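Have a look at the structure below before the remarks.
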Amino acid sequence: MPATDTCVTDALHARRSVRAFTDKPVDPALLKEIFAAAQRAPSGGNLQPWQATVLTGEPWQAVKDAVAARIAMGREGYEPEYDIYPKGLTEPWEARRFGVGEALYAALGIPREDKAARLARFMDNYRGFDAPVMLFLHCSRIMGPPQWSDMGMWLQSVMLLLVEAGLASCPQECWAMYGATVRRTVGLDDGQILFTGLAIGHADTDAAVNQWVVPRVPLDEVIDWQGF
Ligand SMILES: Cc1cc2nc3c(=O)[nH]c(=O)nc-3n(C[C@H](O)[C@H](O)[C@H](O)COP(=O)(O)O)c2cc1C
């Protein structure tokens, strides 16, 4: 591989979903540089369909409070934007989804039967794992699958640039389960659809949850080489 690719490769290996952050604030000037660079992400027809709302301090706390109030309502409180996973997810994807959850709880020493501890761990999501900054990624509701893929490319660009800047992140589509609440609280109208949150901050490198590296399936499960 040419030497010029090394930085991207390093960032790809170093990035992971970080689920515990320190309270060290994030420099907004650095974030601005990162977003400016991420504008180079490609998009079909150069639509650049991604839009983001970036919060810290009181506006971020207001979202956490609003979503906590909806969670307290139980199932009545759900305001999902979309199905996070296809209904009736089949193999091999269901095993991968199940496996990552089990491995996360195992890394934290939480046994399967301890439902309360598992739920508490999941609920950490709705504090953004105590990250000082939350980015909500959304787009116009008229956009379809190609533009959602463009949003993904932008998101990965941002996550890799954060790594380069010494910052950490965790993408969080769980916020879409309370998507309308998030949108109302941050002032987005119904013409927008919330894709995901992205918790941003400095990794708490001592936290047990951050020691765990999620494996990937072997290449032959995803690449079909033809004519080589
Ligand atoms: C769009 C998107 C949404 C995600 N949503 C969540 C989430 O709500 N909560 C969470 O803990 N992890 C979430 N993740 C993280 C995935 O679980 C993680 O990317 C996957 O297990 C691979 O681990 P890694 O990112 O550490 O390599 C999300 C990832 C992506 C790309």
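The values are calculated or read from the model by the stated rules, or taken from the named source; none is laboratory data. Every value quoted in this text rests on a predicted model; they were computed, and no experiment measured them. Virtual Cβ from ideal backbone geometry, glycine too; neighbours counted across all protein chains shown. Areas reflect the complete protein model, heavy atoms only, side chains present, ligands, DNA and RNA absent. Shrake-Rupley method; radii C 1.70, N 1.55, O 1.52, S 1.80 Å.
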Charge dipole magnitude, Cβ of K and R +1, D and E -1 - the chain, Cα centre, debye nearest 20:
320
Trypsin sites (Lys or Arg not before Pro) within region 1-90: which are DSSP loop residues with at most 14 other Cβ atoms inside 10 Å?
40, 87
Where the Cα pairs of region 155-206 fall when distances are cut into 10 Å bins, in %:
23, 40, 30, 7, 0
Rounded to the nearest Å, what's the spacing between the alpha carbon centres of region 32-52 and region 93-115? Just the number, please.
34
Please work out the ratio of the alpha-carbon Rg of region 110-215 to 2.2 N^0.38 Å and round it to two decimals.
1.19
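Between the DSSP loop rule and a limit of at most 16 other Cβ atoms within 10 Å, which trypsin sites (Lys or Arg not before Pro) in region 182-228 are left?
On the way: sites: 183, 184, 216; in loops: 216.
Passing sites in region 182-228 are 216.
Once neighbouring chains are kept in place and the probe is 1.4 Å, which whole percent of the accessible area of the chain is contributed by carbon and sulfur?
Result for the chain: 58 percent of the exposed heavy-atom area is carbon or sulfur.
Tell me, what is the per residue accessible area of region 143-228 in Å², probe radius 1.4 Å?
Accessible surface, normalised per residue, equals 50 Å².
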If we restrict to alpha carbons, what Rg and Dmax does the chain come to, in Å?
18.2, 57
What the Cα atoms of region 1-95 span along the principal axes, largest first and in whole Å, is 54, 42, 33
Determine the order of 81, 76 by accessible area, beginning with the largest, at a probe radius of 1.4 Å.
76, 81
